[in-house]
1. Among B:123, B:41, B:184, which one shows the highest mean-square fluctuation when chain B is modelled as a Gaussian network with alpha-carbon springs under 10 Å?
2. How crowded by other chains is C:155-163, given as the mean number of beta carbons from other chains within 10 Å of each beta carbon?
3. By the gyration tensor of its Cα atoms, with a ≥ b ≥ c the square roots of the eigenvalues, what is the shape of the protein assembly as shown: rounded for a/c under 1.5, prolate for a/b over b/c, or oblate?
4. Can you give me the Cα centroid spacing of the stretch C:110-161 and the stretch C:1-73 in angstrom?
5. Calculate how steeply helix D:109-131 sits against the longest principal axis of the alpha-carbon atoms of chain D, using the helix alpha-carbon long axis, and give the answer as 0 to 90 degrees to the nearest 10.
6. Let me have the 222 nm mean residue ellipticity of chain D computed from DSSP H runs of 4+ only, each contributing -39500 (n - 2.57), with the sum over all residues rounded to the nearest 500.
7. Please give the helix D:3-24 orientation as an angle from the longest Cα principal axis of chain D, in degrees from 0 to 90, rounded to the nearest 10.
8. Taking a point 7 Å out from Cα toward Cβ as the label site, list the nm distances between residue D:209 and the same residue in every other copy, smallest first.
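We did not get these values from a lab; they are worked out from the coordinates using the rules stated. Note that the structure is a prediction, hence the values are computed from the model and not measured. Glycine gets a Cβ as well: all are built from the backbone with ideal geometry, and neighbour counts include every protein chain shown.
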């Protein structure tokens with residue numbers, strides 16, 4: 001029975017996007033929202049990694065599949081569970097914030113594409129090396145490394161692209177009006193490309209690790 | 001002799017609630033109080049986990065008991081030790097702050113119930129997976145994951161419910177006048193429900209892990 | 001040859017007190033100085049723990065000795081190395097800050113005694129459990145737990161006592177004029193008592209761990 | 001084939017310097033830029049350590065070579081990859097920030113030399129002990145310890161020297177106009193001396209660890 005894996009992906013992505021919305025809209029967390037958001041990913045990776053791998057991100061699922069550590073039959077159900085978790089979290093945020101007025105971020109298309117590509121590459125590159133490489137098997141740092149990659153990249157690129165690095169987060173921030181619907185393609189394209197590029201880099205760097 | 005386990009639960013909850021009060025009342029820590037509070041839980045989980053399991057939270061004790069990793073004879077003594085630690089810490093804070101004037105937080109009942117339910121679910125879900133699952137036994141990240149779940153949820157929900165996720169913390173913040181006595185039932189109800197729900201989710205996700 | 005252990009204690013305490021002074025005087029780090037200071041302890045515990053145990057604190061050396069994990073012949077040399085490291089760091093800070101004008105903190109004697117006692121108890125209690133207990137041997141979290149205990153206690157008690165929890169730090173902040181010379185006894189007394197009390201608590205909690 | 005090691009060094013240094021520039025120029029991250037920068041190093045050490053050792057810093061490569069854990073044939077290619085990564089990252093930052101106006105930091109030469117020497121010593125001392133010592137082999141904390149050494153030292157010394165502790169970072173901040181070209185020698189000299197001194201200290205402290 002694989003439903004348990006999809007439930008874990010749903011729960012983890014729900015808490016990731018919930019934290020994004022709750023800390024970025026009318027912020028309590030202020031300038032350290034990236035710390036809260038990356039930590040949300042960290043705790044869910046540690047909690048669910050042993051069941052589903054703890055992707056919580058369609059771009060990561062793409063990268064892990066290309067690297068050969070995600071069964072093809074899981075790819076679409078994983079992505080569906082992640083997107084559903086992101087949407088439900090966005091709706092929960094809108095309810096808990098009392099249907100807030102949110103001004104979507106203005107982004108430059110080309111810089112945003114570059115920022116999302118680089119940031120998602122970093123995230124998938126870290127995931128593949130700390131959570132799927134034979135040479136690092138059994139370590140206790142995988143969740144810290146993965147979560148804090150989002151923290152670092154969000155500190156670096158939040159002002160450029162919003163810092164999604166994840167199509168499920170991109171969908172969530174679009175539902176919450178933090179990002180414009182017309183910009184959703186930026187994330188889908190750049191996040192997918194970043195994930196795929198990381199898989200290529202991983203295979204070059206770890207040629208013996210099939 | 002089991003008194004040592006109860007002492008560990010008392011000490012850990014004391015330091016957790018002490019940190020809540022010292023960083024939230026007339027704050028020195030400012031917007032990063034959730035970082036201090038989650039870290040307080042983290043250090044006490046690492047220090048006492050090998051003796052008592054490091055619950056420091058009646059909702060966690062409930063969840064661990066329902067999951068089958070806490071002897072029934074320990075449930076009430078654990079909860080009593082935790083509540084006593086929380087009360088003593090609250091009194092220590094009032095003394096050290098010089099009997100401060102504190103305005104209790106205004107919360108909406110329904111949003112607060114939802115926030116405390118979701119936050120406690122996250123906390124107990126992480127605890128069960130990183131500290132009681134066979135698949136993660138022997139890891140070094142359990143305290144980091146558990147402590148930072150409180151950090152994340154407090155960043156997310158501090159403005160909605162105060163961010164207790166723990167009946168012993170709820171009692172402590174009530175004694176310190178950070179929360180209204182009339183709202184104490186919100187925490188007791190939602191925290192218990194969140195812990196129980198996490199035990200159900202854990203059993204579904206880890207069916208082979210009895 | 002044991003000089004290497006004393007050198008490690010000297011280096012670690014030097015960097016701890018250096019970070020205290022550089023982040024608290026004319027602060028760059030602002031409200032997150034406790035994060036920097038606790039992290040300084042963390043990195044030095046990880047770097048030097050395998051050589052000297054990574055105490056960097058006479059109160060911790062006292063506690064570890066009472067618990068039976070520090071040879072009696074090392075106690076005074078450890079303390080001397082720690083105090084020397086603290087003094088040299090304080091002088092380095094005064095040089096690098098350009099002989100700054102510093103107003104020593106006003107503290108209430110009784111609250112400061114309580115805060116230093118409780119904070120040092122927490123620190124030594126965590127050290128003994130994560131770095132000397134048989135049940136936690138071989139873990140990778142000892143430095144994180146120990147360093148962040150100082151972070152947590154400094155967030156909680158910085159405004160009450162300055163948050164030394166360590167006679168070498170107390171001496172350093174006195175040399176840097178952050179604390180009054182007339183108050184030095186508060187730290188020496190309360191830190192020693194806190195360390196000794198933690199050793200008693202550890203022995204009660206871990207009766208089988210000689 | 002060793003190109004994979006050089007690519008890993010290039011990627012890691014790229015993300016380190018990218019994070020420096022994005023969080024320090026027209027800051028989004030404000031006073032917690034050192035947290036983002038140290039975390040960038042941490043995640044890249046965890047991701048690439050199993051391939052290249054995760055130096056990302058010519059001063060660290062120098063120290064690891066002097067300690068006997070870096071083949072002489074790798075020294076110059078490592079340094080070249082690191083400097084190339086730093087330069088490319090600086091150019092990416094200038095593009096993403098829209099060719100910003102940056103005022104280079106004024107530093108005092110002698111204090112800056114001392115700060116860079118001490119900070120680089122700390123970094124290389126931590127690296128050698130947590131990532132190359134036999135006594136700590138197999139630990140999961142090496143990336144946390146190494147990354148947070150940069151966080152701590154940048155909090156402590158950012159106002160004195162800019163806090164590079166790394167010739168590749170020094171080159172990057174010079175390209176981004178955060179540091180003056182006329183001061184580049186300060187970093188090259190003090191960082192190299194700090195790394196070499198750490199190798200000497202490591203050999204004294206770990207005499208049996210060849």
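1. B:184
2. Averaged over the peptide's residues, the number is 6.
3. It is rounded, given that a/c, with a ≥ b ≥ c, falls under 1.5.
4. 12
5. 40
6. Mean residue ellipticity at 222 nm (helix-derived): -24500 deg cm²/dmol.
7. Roughly 40 degrees, rounded to the nearest 10.
8. 2.4, 2.4, 3.4
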